[in-house]
Amino acid sequence: MSRPPTNPAVSPRGPIRVELDWDALEVAVERNANDTESFLELTTGKVVTVSAGEVEAAVRRQQIMTNLRDYLRVEPASSREQYRWMEKFVGSVSDETLRERLIMSIDGKGAFRRFKDVLLGYPAERERWFTYRADLLHWHIHNWLLANDIESTVPAPWGDVSPPPELPVVPGKPVVHGAEAPGEALRRQARELIDGIPAIDLPSALAFLEFLKQRGADAMGRHRAGDDDASTADTSDPRRAAS
């Protein structure tokens, strides 16, 4: 589908003033999925989301394409940008054990989910993460609206925003870019140990590894179920409902 321009041409009528649906806009900026796009309807301030596979997706696409001047694609915070947010947060964690677990959690595919799962056991740090992330999302929204000359006729529920302060970097094991990731280092050590095990003992070693793998999968399932329950209970807060 042809997309409405990210930055519409400057209109002679000046800034676009509209009653923004702030909560929906926050969710759209936070969401970063390849099969989902969100558009701001410039005449109403509502956010229209198009997800591949939905029954109404074709109708919504046609509605947007027929009225291109009335829609602006919402630019979400990129996955890379949100990953950097996690890295900065990890660097500010003073609990050495938690920091080490978080460093390993953001190694490889599925980093966002593992990061959240680790924080489930640390309520205070989890809340600090939500607050930090919300500040960054709100600053992203502020800059996006400014770049597109859009003004809301109703104030944002989170109030005025300013550049989020830099988190303090706690001395300890840093999050190093370009170096061997902690998870890969451990996998390498595990392979080296396996290479040194006599063939007769390998069945026992493999059985133990299968046990650890299944235990991890079971724990992940329990955490996800608990996270889903928390999200349902917190639907009044878009930070949690969309996380």
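The numbers here are math on the coordinates, done by the rules we state, and not lab data. In this text the structure is predicted, and so the values were computed from the model without any measurement. Glycine also receives a Cβ, built like all others from the backbone with ideal geometry; neighbour counts cover every protein chain displayed.
The simple Förster model, with R0 at 35 Å and r as the Cβ-Cβ distance, assigns L98 and E151 a FRET efficiency of 0.25.
Taking packing as the residue-averaged number of other Cβ atoms within 10 angstrom, the listed peptides 16-28, 102-114, 58-70 run from highest to lowest as 16-28, 102-114, 58-70. Spatial offset of segment 111-166 relative to segment 32-87 amounts to 19 Å, using the alpha carbon center of each. Applying 1/(1 + (r/R0)^6) with R0 = 35 Å to the Cβ-Cβ distance of R80 and F208 gives a FRET efficiency near 0.40. Taking the inverse of the mean 1/r over every pair of distinct Cα atoms in segment 80-178 gives a Kirkwood hydrodynamic radius of 14.9 Å.
Beta carbons within 10 angstrom, averaged per residue: use that to sort the peptides 41-54, 150-163, highest first. Walk me through the intermediate numbers first.
On the way: 41-54: 15.3, 150-163: 11.9.
Ranked from most to least packed, the peptides come out as 41-54, 150-163.
Take 205-215, 85-95 and order them by the average number of nearby Cβ atoms within 10 Å per residue, most first; the result is 85-95, 205-215. Extension gain for V161-S51 works out to 36.6 nm (0.36 nm per residue, less the C-alpha to C-alpha distance).
Using C-alpha pairs under 8 Å with a sequence gap of at least 6, the mean separation divided by the residue count of segment 1-143 gives a relative contact order of 23 percent. Short-range pairs are left out: with C-alpha atoms under 8 Å and at least six residues apart, the relative contact order of segment 16-73 is 33 percent. Size descriptors for segment 10-94 (Cα atoms only): Rg and Dmax, in that order, 15.9, 53 Å.
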